[in-house]
1. Test of understanding: what is the full-extension gain from I19 to M47, defined as 0.36 nm times their sequence separation minus their Cα-Cα distance?
2. Could you work out how far helix 34-47 tilts from the main Cα principal axis of the chain, as a 0 to 90 degree angle to the nearest 10?
3. Please give the helix 173-186 orientation as an angle from the longest Cα principal axis of the chain, in degrees from 0 to 90, rounded to the nearest 10.
4. Which of the peptides 152-160, 101-109 is most tightly packed, and how do the rest follow, judged by the mean count of other Cβ atoms within 10 Å per residue?
5. Pull out the extension gain between R142 and L161, defined as 0.36 nm times the separation in residues minus the alpha carbon to alpha carbon distance; nm, one decimal.
6. Please give me the summed charge of the neighbours of D258: other residues whose Cβ is under 11 Å from its Cβ, Lys and Arg +1, Asp and Glu -1.
7. Could you tell me what percent of the DSSP beta bridges with both partners in the chain are antiparallel, to the nearest 5?
8. Taking H as built 1.01 Å from N, whose amide H comes closer than 5 Å to the amide H of L106, not counting residues under 5 places away?
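Just so it is clear, none of the values below were taken in a lab; they were calculated from the coordinates. Given the structure is predicted, the values throughout are model-derived calculations rather than measurements. Cβ placement follows ideal geometry from the backbone for every residue including glycine, while neighbour counts extend to all protein chains displayed.
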Amino acid sequence: MGRRSVTQKEIAQQVGVSIATVSRALNDQPGVSPELRARILEAARDMGYSPNASARSLVTARTHCIGYIGYRYGFVLPPDLRSCNVASRVLEGIDEELSRHGYHMLATYVDQEAMKGTSTPNAVLQGRVDGLIMDGPALYPRFILQLRSMGFPIVLVDNMLSETPIDCILCDNEGGAYQAVKHLIDRHQHRHIIFLSGPAEWFSSRERAAGYRRALEEAGLEPRIVFMSNTVVETGRQAMLTALEEYPDLTAVMAVNDATAIGAIQACRQMGRVVPDDVAVVGFDDEPWAQIHSPPLTTVRIFWHEMGAQAARRVVDLIERPHSAPVRISLATELVVRGSCGCSKENYSL
């Protein structure tokens, strides 16, 4: 029969001190005299004390787990491409960085119905995480603030609240869209360019639309924006069919992300419009499959892995320094020129 585990309470009774004092001594924390610390460590050794992760968590109130909450967008890609999406690269960056700090990750996803309700993700309710990383522009501000009110350190990825300061990791959405549209105008002389936008309330949609508008206004051109309820392939296809009917003179498309850009290309093929000869298409994200699409997709690269790593570093920092001021970190983007904008193979790199 195995030996019964010795508890910190029993050590405290043996030495004649509080459980908190035993915990400080066993976790190398200040507030215990050298003599008393030595007595506690000696008693723990003599009694065969062997701490486990769950026992340490109960005393220190630390689980060394970080919760990841993403949004369930629904069908986005064919099955053979789903493992190459944005979320997986963010998660890889988070997981690698957390491991360096001795933390683990628990991931869950919510949809609109889950955010409308009053339920809280199980990992949060059960006290299994020390902090949260919340990823994506579709997460409702009310939902974010509900979790924040519970006292958890929270870092947002690809999202920012308009009124409440909260830590967030972003990319240069406006600058990336501006650069892409300027390429369509300056390099390819397009004058009728539409923007396929996600919901107007999404932060990234607003920022990318601002870059699109700025480029067109500088060129004296009229902005044309088609809003979508979601940013998946099918909504991109449907929005492009609407745009082709409403703006028959359009010659170029700036899509809010790569998935909707693919949907736009599908719609062009459906309507007999050749990409890029009749319509140039540019995306945003630089999904891993963008370079092997036909035609290869010109897009704006986001460094998602680094965004995930930055979020992990920041949430750990908030746990260690809970009263630090909120920060907003914005990473640069990069225009990746391929074939869907009309550049020849000699002018773009795979």
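1. 8.5 nm
2. Roughly 90 degrees, rounded to the nearest 10.
3. With both axes taken from Cα atoms, the answer is about 20 degrees.
4. 152-160, 101-109
5. 5.9 nm
6. Neighbour charge sum, excluding D258 itself: -2.
7. 10 percent
8. Residues meeting the amide H criterion: I66, G67, Y68.
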